[in-house]
Amino acid sequence: MDPLGPRARLGRPSMSEHDSFSPASDLRHRLAAAYRHLSRLGLNSGSAGNVSCRLEDGALVTPTGASAETIDAASLVEITLDGETRGPGIPSSEWAMHTEIYRRYPQAQAIVHTHSDACVALACLRSGIPAFHYMIATFGGDDVRCAPYATFGTETLARLAADALVDRSACLLANHGMIGWGADIEQAIATATRLETLARQYWMSLQVGPPVLLDPQEMRIVRDRFRAYGSTRLATRLPDR
Ligand SMILES: [Zn+2]
């Protein structure tokens, strides 16, 4: 069974780096590895970003102040969707964005939040990414929205981010970064990677643009084609509508 799946039953972990295999320890190792991988991909530097995955009755999130150098499986923090911490550790200051998304979008099984360069550059314009390229459809619609600005770590930011994710798997956060979800942590990282690539390409296009945008009918055709490839991982990333 996929330990990130909605039917996974994950007990209270008791971790060390030499823990014997269990779904809970496997999940912790995957999440810590995913956080380190974000840094190698150039999507996260220092302790700016954070990742999480859904548990049956809560979420597992990176601890506050974690970096690729310091993260390990044992340091991940388990919280309820009301923000109550279970066990040791202090969760990322952005835990509320994660729990709000898990509460509102049952299909979200893992979340990646980054301050990746191109996403931040566009988010500072406080505008989303329009249908300049057909791959924008992989996020679920004709654009990627930019959530209005709110102070980091606040319930207001959590609500605004979740609002910007209606029918979408990722959004920009004004003057801040991006957040996206997936059916598992690997898909959530793929979402963040794809968004950063498209943000960079849109930014490049704007240098010589403005780009010609695809119209809603063309984008609908693209989404239908992605869904027709029902067995592909790309299609499974499309949010249910
Ligand atoms: Zn942030």
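Just to verify a result, which residue in segment 92-105, among those that are within 11 Å of the ligand (Cβ to nearest atom) and of a type in the set (Gly, Ala, Ser), is nearest to residue 160 (Cα to Cα)?
Checked segment 92-105; the qualifying residue nearest to residue 160 (Cα to Cα) is 93.
Can you report the number of residues in segment 106-125 which are away from the ligand (no atom under 16 Å from the Cβ) and surrounded by fewer than 20 Cβ atoms within 10 Å (Cβ to Cβ)?
Final tally of qualifying residues: 3.
Pairs under 7 Å by beta carbon, first residue more than 19 Å from residue 106 (Cβ to Cβ) in segment 44-62, partner of a type in the set (Asp, Glu) and within 11 Å of the ligand (Cβ to nearest atom), six or more apart or different chains?
Close Cβ pairs satisfying both conditions: 50/94.
Six or more apart or on different chains, Cβ under 8 Å: which pairs go from a residue in segment 80-108 that's aromatic (Phe, Trp, Tyr) to one that's assigned to a helix (DSSP H, G or I) and within 16 Å of the ligand (Cβ to nearest atom)? Could you list them?
Listed pairs, sorted by first residue: 105/162.
If you take the residues of segment 104-139 that are within 14 Å of the chain's Cα centre (by Cα) and small (Gly, Ala, Ser), which of them is nearest to residue 30 (Cα to Cα)?
If we take residues in segment 104-139 being within 14 Å of the chain's Cα centre (by Cα) and small (Gly, Ala, Ser), then 110 is nearest to residue 30 (Cα to Cα).
Could you please find all residues in segment 165-186 being within 9 Å of the chain's Cα centre (by Cα) and either closer than 17 Å to residue 32 by Cα or more than 15 Å from the ligand (Cβ to nearest atom) (or both)?
169, 181, 182, 185, listed by residue number.
Hey, can you tell me all the residues within segment 43-90 that are within 16 Å of the ligand (Cβ to nearest atom), part of a strand (DSSP E or B) and more than 22 Å from residue 172 (Cα to Cα)?
63
Any idea which of (1) among the small types (Gly, Ala, Ser); (2) touching a helix residue (DSSP H, G or I) at 6+ places or on another chain (Cβ under 7 Å); (3) away from the ligand (no atom under 16 Å from the Cβ) is the one residue 162 doesn't satisfy?
Here residue 162 meets the rest and fails (3).
Take the conditions aromatic (Phe, Trp, Tyr) and buried (at least 18 other Cβ atoms within 10 Å of the Cβ) and apply them to residue 152. Does it pass?
The answer is no for residue 152.
Look at segment 91-104 and say how many of its residues are surrounded by fewer than 20 Cβ atoms within 10 Å (Cβ to Cβ) and part of a loop (DSSP other than H, G, I, E, B).
Of the residues in segment 91-104, 1 are surrounded by fewer than 20 Cβ atoms within 10 Å (Cβ to Cβ) and part of a loop (DSSP other than H, G, I, E, B).
Which of the residues belonging to segment 126-159 are free of Cβ contacts under 8 Å to residues at least 60 places away in the same chain, within 16 Å of the ligand (Cβ to nearest atom) and of a type in the set (A, V, I, L, M)?
Selection gives 147, 150.
Out of the helices (runs of 4 or more DSSP H) lying entirely within segment 145-241, which hold 2 or more residues that are of a type outside the set (A, V, I, L, M) and at pLDDT 95 or above?
Hits in segment 145-241: 155-164, 185-208, 216-228.
Out of the residues in segment 59-70 that are of a type outside the set (S, T, N, Q) and at pLDDT below 90, state the one that is surrounded by the most Cβ atoms within 10 Å (Cβ to Cβ).
Here the residue is 66.
Starting from residues that are under 20 Å from the mean Cα position of the chain (by Cα) and small (Gly, Ala, Ser), keep the ones in segment 76-94 and report whichever is nearest to residue 112 (Cα to Cα).
Per the stated criteria, the residue is 92.
The values are calculated or read from the model by the stated rules, or taken from the named source; none is laboratory data. Note that the structure is predicted; figures quoted are calculated from it, not measured. Quick reminder, even Gly has a Cβ in these numbers, built from the backbone with ideal geometry, and neighbours come from all protein chains shown.
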